[in-house]
Amino acid sequence: KDNQVKIRGYRVDIGEIESTLLSNEFINKAAVACKIDEHSEKYLVAFVVVKDDKKVKEVRNYLSSKLPDYMVPAYIVDLKEIPLTSTGKVNRKELMNFDIIKYRMKKNYEITAPRNEVEERVVEIFKEILNLDYDIGIDEDFFELGGHSLKATFLVSRIHKEFEVEIPLMEIFKVSTVEKISEIIGVSEKSIYDGIKSVEKREYYKMSAAQKRMYIINQMDKETTTYNMPSVLKLIGNLDRVKIENTFKELIKRHESLRTSFTTVEGELVQIVKEVSKVEFKVGYKEANKEDIKDIIKAFIRPFDLSKAPLLRVKLLKFMEDEYLIMVDMHHIISDGVSLRLVIEEFAKIYGGEEPEPLKVQYKDYAVWQNELFESEKIKKQEKYWLERFKGEIPVLNMQTDYQRSAVRSNKGTSNISIINKELTNKLNRLAKETGSTLYMILLSAVNILLWKYTGQEDIVIGSPIAGRHHNDLTNIVGMFVNTLTMRNYPRSDKVFRKFLKEVKENSLRAYDNQDIQFEELVDKLSIKRDISRNPLFDIMFVFQNTEVIEKNLDLEGLEISPYDLESDIAKFDITITATEIDRKISLNINYAVSLYKKSTIKRLANHFTNILEEISKNIDIKIKDIDILSEKEKHQLLVEFNDTESDYPKDKTIHQLFEEQVEKTPDNTAVIYEIENLTYKELNEKANQLARLLRNKGVKADSTVGIMLEKTPEMIISLIAVLKAGGAYVPIDINYPDDRINHMI
């Protein structure tokens, strides 16, 4: 009714596409229709009347420069006239019934047929992914045939499965015809992932690199829930409790990870897959009031014993008639974000009577393959890349915190959510297209600039997760595949943003090409000195989530399923910035450690990040040092309010003389408060005098500099006053500085 449709998870205004088409000087008339193919997938078709037939091919490029990818129609159809109703309005019914296949066949009467087996197979892959019912030639373009970025990922996956070669996703955007893609396949090396096979049954199997790290972290603190992966779904309708339990038992039978435990055998870290018949599993049940839900969910999330399978808990909560919550919790050692989505999707399928496609391999097979890979020569090239990337001194981010970092890192955290509006999001998407980059690369560049603005450092390392499921056979397996890439970039002040973005793009693509080295292995290879107060290699994580996924209907007959928002009080890193593109806006979720930062600081950081995006969207050739992160309010505060410091004071006296006058006036008043310790003005003055005399005896006099490297305690205040009383000047040295900086200052 409001001329809006939902395409690939995005709400699209058809009127906006039509008005954009009409803004092109070569288009006289335009109309857009949303059609549905035989696979129930929606797609857009633009119908245009053009002044010059030769300009039809340019329409797609024009729309791409003005609109985000998901708003660009799959097909551009040129007509002599737009069909109208008897009342003079666009006849949308006739457009909906327009035969695209006949139109395509008419336009492509001369087809350049495939010349070899590779081209023939690529043509078939194109037709399968794009749901084409007609023949296409080798000069056909994937995107002009209706492809988009999500389908491009499917294309990469299918090519990998068919030819056992890996083509980077960015290559598909550069060369998107059957002919060019076939040429790349012909010169590509065989994928290192072609060796994943089902292994023989054993008593136990080696853990994967990611599992080893999870296991060691758990051994250090067995009561932690930091690496629990809870999820809650809301169910409405006629629910069958027995069927729900049986469905989860089927999932446990299907996925070996859901019945795997972890232990050590003769000093080796191993995983044990339990027989289905020996797995004890029950779905819990409770009836409760709506106001108790948060407390019940909190109590449900508790530590796992990794030596006992399954590392999966499920509980059904009834809070109204025909209204339930189903709570699911798994440990990260057997699951990742994709796995969680798989469990939910397959739960809906099995509960609804469908049978998922059989699995060719299980997670243990991947773990065995990975361990063999790390012992082979195939991985040495990637190892060399990362060791070269991190040779020399590895930077430690000197980010100013609101609270002092404790000796042992706390995992307590919370989140701040803000929204980047549609207008700015569209500008950033256009910027990505203009520069041949992706929205992820644009945002990662902006995060680097943000951290440079806050620290002044021109060598920055940021963590970024990657799904780690190269092989087509791994797509539907529950397990811990996700890996962390370390993105090291150099946001130097005099660089223009265009050049810096190009560097970030190249570094990102190289990181993707060398992603098989696990983060844990890299840390070990670099022999980094462990610091339990912070994470190795980086403190800041950046995550980009593209919600451009095929909509999956999880509504079952008699049962409606929807996600239930779950609040998290965990912070795995100092700061995790998660950007999610949804409905043409970017949702910015900044998760942070409450032991380090105040909420006001993180809100300000989010605003500064948005300001950076505004600046680079206006001028891609701006120098990094010229990017302004301050709001007008902050500028006024800094330039006007903070500079309004006019005050009368005795200009003929020193600070310590003024302090001593205050001692005489109020000797017994409190001067310093630190935790439970208090010092009066008299006590503070006496201690400062004692230290000042010692400093004079050590040779401190006028123009002497005295380094002060202390915690924020009363001793720091005593030392500051004592140095001034001795006639010297103090040099503050932050104890959190890197050792080489401290030594240099000393």
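The values are calculated or read from the model by the stated rules, or taken from the named source; none is laboratory data. Because the structure is predicted, anything quoted here is derived from the model rather than measured. Virtual Cβ from ideal backbone geometry, glycine too; neighbours counted across all protein chains shown. Note: accessible area is taken over every heavy atom of the protein model, side chains too, but ligands, DNA and RNA are not part of it. Shrake-Rupley method; radii C 1.70, N 1.55, O 1.52, S 1.80 Å.
Select one label from (i) 3, 13, 21, 22, 17, 14, 7, 2, 0; (ii) 2, 11, 17, 18, 16, 13, 10, 7, 4, 1, 0, 0; (iii) 2, 11, 18, 22, 20, 13, 7, 4, 2, 1, 0: the one whose number is P(r) over Cα pairs in 10 Å bins from 0, in percent as derived from the coordinates shown.
(iii)
Rounded to the nearest Å, what's the spacing between the alpha carbon centres of the range 191-267 and the range 435-483? Just the number, please.
Cα centroid to Cα centroid, the span is 25 Å.
Estimate the FRET efficiency between Ile735 and Ser307 by the formula 1/(1 + (r/R0)^6), using the beta-carbon distance for r and 60 Å for R0, to the nearest 0.05.
Computed FRET efficiency for Ile735 and Ser307: 0.90.
Enumerate by residue number the GluC sites (Glu not before Pro) in the range 242-295 meeting two conditions: DSSP loop (anything except H, G, I, E, B), and at most 10 other Cβ atoms within 10 Å of the site's Cβ.
Answer by residue number: Glu266, Glu275, Glu280.
Keeping every protein chain in place, order Ser307, Ser231 by accessible area at 1.4 Å, biggest value first, i.e. largest first.
Ser307, Ser231
Tell me, what ³J(HN,Hα) does each residue in the range 699-713 have, in order and in whole Hz, if you take phi through Karplus 6.51 cos²θ - 1.76 cosθ + 1.60 with θ = phi - 60° and put x for Gly and Pro?
x, 6, 8, 4, 6, 6, 10, 10, x, 10, 10, 9, 5, 7, 10
Taking K and R as +1 and D and E as -1, what net charge do the other residues with C-beta under 15 Å from the C-beta of Glu200 add up to?
Surrounding charge for Glu200 is +1.
Calculate the FRET efficiency for Asp295 and Glu377 from the Cβ-Cβ distance with a Förster distance of 51 Å, rounded to the nearest 0.05.
Working: r = 55 Å, r/R0 = 1.08.
After rounding, the FRET efficiency stands at 0.40.
Would you tally the net charge around Val242, using a Cβ to Cβ cut-off of less than 14 Å, leaving Val242 out, and scoring K and R as +1, D and E as -1?
Details: positive: Arg241, Lys243, Lys249, Lys282; negative: Asp240, Glu245, Glu250.
Once all neighbours under 14 Å are counted, the net charge is +1.
On average, how much accessible surface per residue is there in the chain, in Å², for a 1.4 Å probe, leaving out ligands, DNA and RNA?
52
Ignoring everything but the protein chains, give the 1.4 Å probe accessible area of Asp734 in square angstrom, nearest 10.
Approximately 60 Å² of Asp734 is accessible to the 1.4 Å probe.
Sticking with the crude label model, points 7 Å out along Cα→Cβ, report the distance from Ile676 to Val496 in nm, one decimal please.
The two pseudo-label positions are separated by 6.3 nm.
Any of Lys378/Lys495; Lys151/Lys318; Lys635/Lys725; Lys222/Lys286; Lys653/Lys682; Lys427/Lys572 with alpha carbons more than 30 Å apart? Name them for me.
Over 30 Å apart, Cα to Cα: Lys378/Lys495; Lys151/Lys318; Lys635/Lys725; Lys427/Lys572.
Need the list of lysines near Lys712 for cross-linking: C-alpha distance under 17 angstrom, and skip anything on the same chain fewer than eight residues off.
By straight Cα distance, Lys712 reaches Lys687.
Working with all protein chains in place, sort Leu84, Leu639, Leu155 by solvent-accessible area computed with a 1.4 Å probe, largest first. Each step should come with its number before you reach the end.
Details: Leu84 100, Leu639 125, Leu155 0 Å².
So the residues, ranked largest to smallest area, are Leu639, Leu84, Leu155.
Can you pull the percent of the range 675-746's accessible area that's carbon plus sulfur, 1.4 Å probe, other chains left in place?
51
At 1.4 Å probe size, put Thr87, Thr475 in order of accessible surface, largest to smallest.
Thr87, Thr475
Say the cut-off is 23 Å between C-alpha atoms; which of Lys212/Lys308; Lys433/Lys499; Lys29/Lys127 go over it?
Working: Lys212/Lys308 16 Å; Lys433/Lys499 15 Å; Lys29/Lys127 31 Å.
In this structure, Lys29/Lys127 exceed 23 Å between Cα atoms.
Using protein chains only and a probe of 1.4 angstrom, how many square angstrom of Leu537 are accessible, to the nearest 10?
The accessible area of Leu537 comes to roughly 20 Å².
Not counting ligands, DNA or RNA, and with a 1.4 Å probe, what is His332's accessible surface area in Å² rounded to the nearest 10?
Per-residue accessible area (His332): approximately 20 Å².
Kindly list the residues of the range 371-386 that lie in the label zone of Val199, defined by a backbone N under 20 Å from the point 7 Å along the Cα-to-C-beta vector.
Answer for the range 371-386: 371-380.
Within the range 358-431, list the GluC sites (Glu not before Pro) lying in a DSSP loop whose Cβ has at most 15 other Cβ atoms in a 10 Å radius. Don't skip to the answer; put the middle values down first.
On the way: sites: Glu372, Glu375, Glu377, Glu383, Glu388, Glu393, Glu423; in loops: Glu375, Glu393.
Of the GluC sites (Glu not before Pro), the ones in loops of the range 358-431 whose Cβ has at most 15 other Cβ atoms within 10 Å are Glu375, Glu393.
What is the local net charge at Val594, summed over the other residues whose Cβ is closer than 9 Å to its Cβ (Lys, Arg +1; Asp, Glu -1)?
+2
What spacing in nm lies between the two simple spin-label points modelled at Leu169 and Arg115, each 7 Å away from Cα in the Cβ direction?
Once both label points are built, they end up 3.2 nm from each other.
Please work out the FRET efficiency for the pair Tyr512 and Glu646, using the Cβ-Cβ distance as r and a Förster radius of 45 Å; give the result to the nearest 0.05.
Approximately 0.20, to the nearest 0.05.
Residue by residue through the range 261-278, what is 3J(HN,Hα) from phi via Karplus (6.51 cos²θ - 1.76 cosθ + 1.60, θ = phi - 60°)? Round to whole Hz and write x for glycine and proline.
Ordered by residue, 3J(HN,Hα) equals 10, 9, 7, 10, 10, 6, x, 9, 7, 9, 10, 10, 8, 7, 5, 4, 5, 9 Hz.
Return the loop-located GluC sites (Glu not before Pro) in the range 584-664 (DSSP other than H, G, I, E, B) with at most 15 other Cβ atoms within 10 Å of their own Cβ; answer none if there are none. All intermediate terms of the calculation are to be shown ahead of the outcome.
Details: sites: Glu614, Glu615, Glu632, Glu634, Glu641, Glu646, Glu660, Glu661, Glu664; in loops: Glu646.
Passing sites in the range 584-664 are Glu646.
Which whole-Hz couplings ³J(HN,Hα) result when phi for each residue of the range 592-607 is put into the Karplus expression 6.51 cos²θ - 1.76 cosθ + 1.60, θ = phi - 60°, listed in order with x for Gly and Pro?
Using θ = phi - 60°, the values come out as 8, 7, 6, 6, 10, 10, 8, 4, 4, 5, 5, 4, 5, 4, 4, 5 Hz.
Can you give me the Cα centroid spacing of the range 361-433 and the range 623-685 in angstrom?
41
Which of the aspartates and glutamates could be linked to Lys585 by a straight reach, that is with a Cα gap under 13 Å, when you skip same-chain ones fewer than 8 residues away?
List returned: Glu423, Glu548.
In degrees from 0 to 90, rounded to the nearest 10, what is the angle of the helix 117-130 Cα long axis to the longest principal axis of the chain?
Roughly 80 degrees, rounded to the nearest 10.
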